[in-house]
1. Does residue 48 meet the test of being within 16 Å of the chain's Cα centre (by Cα) and aliphatic (A, V, I, L, M)?
2. Output the residue which, of all residues in the range 6-22 that are over 20 Å from the mean Cα position of the chain (by Cα) and part of a loop (DSSP other than H, G, I, E, B), is surrounded by the most Cβ atoms within 10 Å (Cβ to Cβ).
3. Quick one: which residue in 38, 25 is modelled with pLDDT of 95 or more, part of a helix (DSSP H, G or I) and either touching a Cys at 6+ places or on another chain (Cβ under 6 Å) or of a type outside the set (Gly, Ala, Ser) (or both)?
4. Which of the numbered conditions does residue 46 fail, given that it passes all the others? Conditions: (1) in a helix (DSSP H, G or I); (2) surrounded by fewer than 10 Cβ atoms within 10 Å (Cβ to Cβ); (3) acidic (Asp, Glu).
Amino acid sequence: MYAWLWRNLPGTTWAKLLTAAVLVLATVAVLWYVVFPLMEPMVTLDEVTARK
């Protein structure tokens, strides 16, 4: 998959690196600001179970 993406990005090596970095940052931003807040009510990380 990564090889396919690399081959299909336009430009020289430096342009491909910059484009790939922008794509990674955009993906992280969408996950952080959209997906994770929507998933937060479904994930209960603050409930602690004590062992007896």
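1. Details: within 16 Å of the chain's Cα centre (by Cα): no; aliphatic (A, V, I, L, M): yes.
No, not satisfied.
2. It comes out as 11.
3. Details: 38 fails: modelled with pLDDT of 95 or more.
That would be 25, the only listed residue that is modelled with pLDDT of 95 or more, part of a helix (DSSP H, G or I) and either touching a Cys at 6+ places or on another chain (Cβ under 6 Å) or of a type outside the set (Gly, Ala, Ser) (or both).
4. For residue 46, the failing item is (1).
The values are calculated or read from the model by the stated rules, or taken from the named source; none is laboratory data. This one's a predicted model, so the numbers in the text were calculated from it and none came from an experiment. Reconstructed Cβ throughout: ideal geometry from the backbone, glycine too, with neighbour counts over all protein chains shown.
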